[in-house]
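J.: Below is one structure. I have some questions about it.
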Amino acid sequence: MKRVNSLKESLCALCRVLSASGSYWDPETFRKSKFNRPEATAEFWRLLYSLLRQIFPGRNDPSPWTHEEITTADCVRYVKCFLQIQGYGRLEFYRLPDDGEEGSREILLAFSWLLHKVKILEILLEKKRVKVGDHITVCLCPHGVSIQKLKDIFPSPKQGVDVRYIQWMSGKLRFCWRTLQAAHLEECAVLYKIHSYTQGCHIDKAAGHLSVKETELVRRHKSCEKLLQALESETSYLEAYVEWKHVESVYWQWMDTVLESACEDECGSSTLTKNTIYVSSSSHPEYTPTDIKELSKCLHHTQDQLHRLAALSNSSLPEQMKELEKEFSEKELKKIKQEVIKKTEPFIPAGVDATDLHGSYRLVLKEHKLQKSVNKDCSINDVHVTEVTKCLQSAIREMEVEYYHLQDRCRKRLDDMAEELDGVICIPPAKG
């Protein structure tokens, strides 16, 4: 009886956190999905679709999602595509029909995978967090995809494209980019005025000035009620999340029973076992138990060899240090350390490394340097805009070099194509 009550508390807390997405989640939907009830399938598809669209909105989402704007088949296809991109490899889930009439247990398994792997609850709470300060999204993570590899991802069409259309699209893109840049510059100018004029008005010593929203609250007192309501709703979601973390283990124990029941149904219809429930979406060879035993033996053997090599290297390090200490006296070693520290001091940043920036950061105007700094979650470590600008400028230079290289290749290719045309004169466009 205690386990039933704790399971009910766990599902209720989970539904309370998920209600931050704007849709109503019922614990009864999870219970029906365990027994693969068809009446819970369509509702589960729609709930999962609305949750994913709230957490990972598309590039063109002008209006929020409603039940009348999209069919169940579209919800099913969207959720399947999203899970395939994330790496979910259970084939039974992708074999579900698009009409949304069956497979509620498979949807529950996929939802639990998202809960554990993608951390959808944490992302949802981060999206719904009330931000009073002036935040900016920064991402300086290195990306492995190069411009030269885009032709493999997006193959060129077989039909020819008019060059004038490409030139028109290029000009339109350049105009939009300049408009966006001008809007950002205007926003920065307004932020600087607000931050500089309100210096010393904030209680927080880390900031010392008011943000745009705080300035709006000072001017219009009626907007404080909306802010209080948003903070109260955020507090309720955080309390539900804390409650969920206390009883989360009960949910995963219950999911073990759901997985076992799914395996029993699969074994009744086919020869699948619990060991083959998660398969990769790509075509990998199937391994027998004897192959797995041999692979585990090889793995243990390599681990032993690595441990031996690590022990040998650790034992040889002190001996090497002793030999170096014999060669140099203590005074010489101190001088060398001091010189190394002096030479490396200008290259060591005061706070977080600018290349590690990722996420939402708060803009703060420093009094002693009179320049904006990026400060994440009011922490002590901060990174000045000059450091971020240097990293961005280096990235821009690399992209320009790659762009000019591709431009030269395109020119050479066009010259080769023009030589094959007999009796045709190619006149380049005028430079404006």
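J.: Can you give me the number of residues within segment 189-207 that are part of a helix (DSSP H, G or I) and closer than 14 Å to Val364 by Cβ?
T.: Matching residues across segment 189-207 total 5.
J.: Let me ask something else about it. Given the options Ala189, Ala182, name the one that is over 19 Å from His135 (Cβ atoms) and open to solvent by less than 60 Å² (accessible area, probe 1.4 Å).
T.: Sole residue among the options that is over 19 Å from His135 (Cβ atoms) and open to solvent by less than 60 Å² (accessible area, probe 1.4 Å): Ala182.
J.: Right, another one. In segment 8-45, what residues are under 24 Å from the mean Cα position of the chain (by Cα) and on the phi > 0 side of the Ramachandran plot?
T.: Within segment 8-45, just Gly22 meets the criteria.
J.: A further question follows. Hey, can you tell me all the residues within segment 3-34 that are surrounded by 16 or more Cβ atoms within 10 Å (Cβ to Cβ), of a type outside the set (Gly, Ala, Ser) and in a loop (DSSP other than H, G, I, E, B)?
T.: Answer for segment 3-34, where residues must be surrounded by 16 or more Cβ atoms within 10 Å (Cβ to Cβ), of a type outside the set (Gly, Ala, Ser) and in a loop (DSSP other than H, G, I, E, B): just Trp25.
J.: Among the residues of segment 238-252, is there at least one that is open to solvent by less than 70 Å² (accessible area, probe 1.4 Å), at pLDDT 90 or above, of a type outside the set (Asp, Glu) and more than 27 Å from the chain's Cα centre (by Cα)?
T.: Taking every residue of segment 238-252 in turn, at least one turns out to be open to solvent by less than 70 Å² (accessible area, probe 1.4 Å), at pLDDT 90 or above, of a type outside the set (Asp, Glu) and more than 27 Å from the chain's Cα centre (by Cα).
J.: Among the numbered conditions (1) outside any helix (DSSP H, G or I); (2) of a type outside the set (D, E, K, R); (3) within 24 Å of the chain's Cα centre (by Cα); (4) at pLDDT 75 or above, tell me where His184 comes up short.
T.: Of the numbered conditions (1) outside any helix (DSSP H, G or I); (2) of a type outside the set (D, E, K, R); (3) within 24 Å of the chain's Cα centre (by Cα); (4) at pLDDT 75 or above, the odd one out for His184 is (1).
J.: Moving on. Given the conditions (1) assigned to a loop (DSSP other than H, G, I, E, B); (2) within 30 Å of Gln229 (Cβ to Cβ); (3) within 22 Å of the chain's Cα centre (by Cα), report the number of the one that Leu121 does not fulfil.
T.: Answer for Leu121: the failing condition is (1).
Residue-by-condition table, conditions (1) touching a residue at least 60 places away in the same chain (Cβ under 8 Å); (2) of a type outside the set (Gly, Ala, Ser); (3) open to solvent by less than 60 Å² (accessible area, probe 1.4 Å):
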{"residue": "Pro97", "(1), (2), (3)": "no, yes, yes"}
{"residue": "Leu108", "(1), (2), (3)": "yes, yes, yes"}
{"residue": "Lys117", "(1), (2), (3)": "no, yes, no"}
{"residue": "Glu122", "(1), (2), (3)": "no, yes, no"}
{"residue": "Val130", "(1), (2), (3)": "yes, yes, yes"}
{"residue": "Ile136", "(1), (2), (3)": "yes, yes, no"}
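J.: Still on this structure, please answer the following. Could you list, in sequence order, all residues of segment 213-237 that are over 19 Å from Glu126 (Cα atoms), touching a helix residue (DSSP H, G or I) at 6+ places or on another chain (Cβ under 7 Å) and surrounded by 15 or more Cβ atoms within 10 Å (Cβ to Cβ)?
T.: Correct list: Thr215, Leu217.
J.: Taking the options Gly133, Gly89, Gly100, name whichever one is under 21 Å from Asp256 (Cβ atoms), assigned to a loop (DSSP other than H, G, I, E, B) and modelled with pLDDT under 90.
T.: Criteria check complete, one pass: Gly89.
The values are calculated or read from the model by the stated rules, or taken from the named source; none is laboratory data. Only a predicted model underlies this, so the values are computations on that prediction, with no experimental measurement involved. Positions of Cβ are generated from backbone atoms using ideal geometry, with glycine treated the same way; all protein chains shown enter the neighbour counts. We work out accessible area using only protein heavy atoms, side chains counted, and drop any ligands, DNA or RNA first. Shrake-Rupley method; radii C 1.70, N 1.55, O 1.52, S 1.80 Å.
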